[in-house]
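First up is the structure itself, then whatever we jot down about it.
Quick note: the coordinates plus some simple rules give every number you see, no bench work behind them. The model shown is predicted, which means the values in this text are computed figures rather than measured ones. Quick reminder, even Gly has a Cβ in these numbers, built from the backbone with ideal geometry, and neighbours come from all protein chains shown.
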Amino acid sequence: MSEPRSAQGQRTLPGEYFTSEEIFRREQERIFARRWLCAGHVSELAAPGSYLLFELGTESVILLRDRGGGLRALHNVCRHRGSRLCLEPAGELGGAIRCPYHAWTYELDGTLRAAPNMAEVAGFERTDHALFAASLTDWEGLLFVHLGAEPEAFERELPVLAGRFERWRIGELVRVHRTAYEVEANWKLLFHNYSECYHCPTVHPHLNRLTPYRNTSNDLDEGGVLGGPMWMTHADGSMTMGGERCAPLLPGLGDGDRGHVRYYTVFPSMFLSLHPDYVLVHRARPLSPTRTRIVCDWLFHPEAVAAPGFDPAPAIEFWDLTNRQDWELCANAQKGVSSRAYRPGPYADLESQLAAFDREYLRALDVEGPVRPTAG
Ligand code: FES
Ligand SMILES: [Fe+2]
């Protein structure tokens, strides 16, 4: 295992990156409208007609399973006068999408099936008014949408993901629990927080007991996917309240995966935490410069879930506790970076991944030149 890479003397971002409405708008245009964003897990769309909404700022996309069993993403904007079609975050469409305003009704492939009283309108053609499709990719069972018109292929944007985590067979897993949080902090502070364990000894004693903070290595340290493994003091354990696995080793894993947890950020929307017995997915969505919604899903293998006595509570409790501790840190950091007394500070070498995240972020935001030097 290699030592963590140096942070190369890099400093934290200036305060405006965490507070400015202007930078937030630029992020929406240059990052969130131009990147693949994780929207959910395939197990959430089990049957034809099931759907979930992906929402970001002014955008809303319906992800659904159509009659043929295929996955689709359709903009949640009626072709009549633009109303939202689906209002609940997830549900069943019952064979068609019906606008709540004037009852235009769409097939699950987006084509317009019926538009009351429109037949008499000169020149109106049903076929001209299908819902607009959004781009959708299924990567290992995790569904990514792209809000842009001509997205780069997922494999080209994130080439390091190709085949890399296949053995976790994430697409076969099922969600057993979800907790959603709203954090009073800029989304980048959540990425920063996830990307280091420098804070673990003081803030997460329950976690640091299982994976002491220096038991870490980065196997991806530049680009859109950053992270690497941590190894546990218990050679066959997992990240749970008692440190024991709460399910058998996932079926595709080998002995080398025992006692390891792997943590990755996928820019700009997801954290992926790969455990020996389950997978944890965090999806972050900026709500404002100072507020972020983050949804955390616990995914297990269906055979483990069906086994008598299955109890995911030790894994759920472990990460819910850790999450809440982390969100409090992020909210405190947000207050500090919003102060006129804040100046960029030096990253520790244990924070090399944060420095790498900032480089990727600034490249994506298209800021010219190196990270700005400290303001004072
Ligand atoms: S806005 Fe949808 S039917 Fe009128
Ligand atoms: Fe933490």
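Structure above, values below:
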| item | result |
| --- | --- |
| D109 versus E21: modelled label distance in nm, points set 7 Å from Cα along the beta carbon direction | 4.5 |
| Two-site FRET efficiency, R67 against L87, from Cβ-Cβ distance with R₀ of 30 Å, rounded to 0.05 | 0.85 |
| Sorted by Cβ density within 10 Å, fewest first, the residues W168, W231 | W231, W168 |
| Estimated FRET transfer efficiency (R343, A149; beta-carbon r; R0 45 Å; 0.05) | 0.65 |
| Mean residue ellipticity (222 nm) of the chain, computed from DSSP H runs ≥ 4 via -39,500 (n - 2.57), nearest 500 | -5500 deg cm²/dmol |
| Mean separation of Cα contacts under 8 Å, 6 or more apart, over the residue count of region 252-376: relative contact order % | 11 |
| Where labels lie 7 Å past Cα in the beta-carbon direction, separation of R293 and M118 in nm | 2.8 |
| Residue exposure sequence - L250, L329 - by fewest surrounding Cβ within 10 Å | L329, L250 |
| Peptide ranges 156-164, 46-54, 273-281 listed from the most packed, as the mean C-beta count within 10 angstrom indicates | 273-281, 46-54, 156-164 |
| Quotient of Cα Rg and 2.2 N^0.38 Å for region 37-157, N being how many residues it contains | 1.07 |
| Separation between Cα centres of region 268-315 and region 107-148, rounded to whole Å | 31 |
| Cleavage-rule hits (trypsin sites (Lys or Arg not before Pro)) in region 212-305: DSSP loop, at most 15 neighbouring Cβ within 10 angstrom | R214 |
| Gain upon complete extension [E55, D138; 0.36 nm per residue less C-alpha separation] | 28.1 nm |
| Sorted by Cβ neighbour density within 10 Å, fewest at the top, the residues M118, M239, M230, M270 | M118, M270, M230, M239 |
| Relative contact order %, the chain, counting alpha carbon pairs below 8 Å whose residues are six or more apart | 23 |
| Extended-chain gain in nm, criterion 0.36 nm per residue less alpha-carbon gap, T202 and V160 | 11.8 nm |
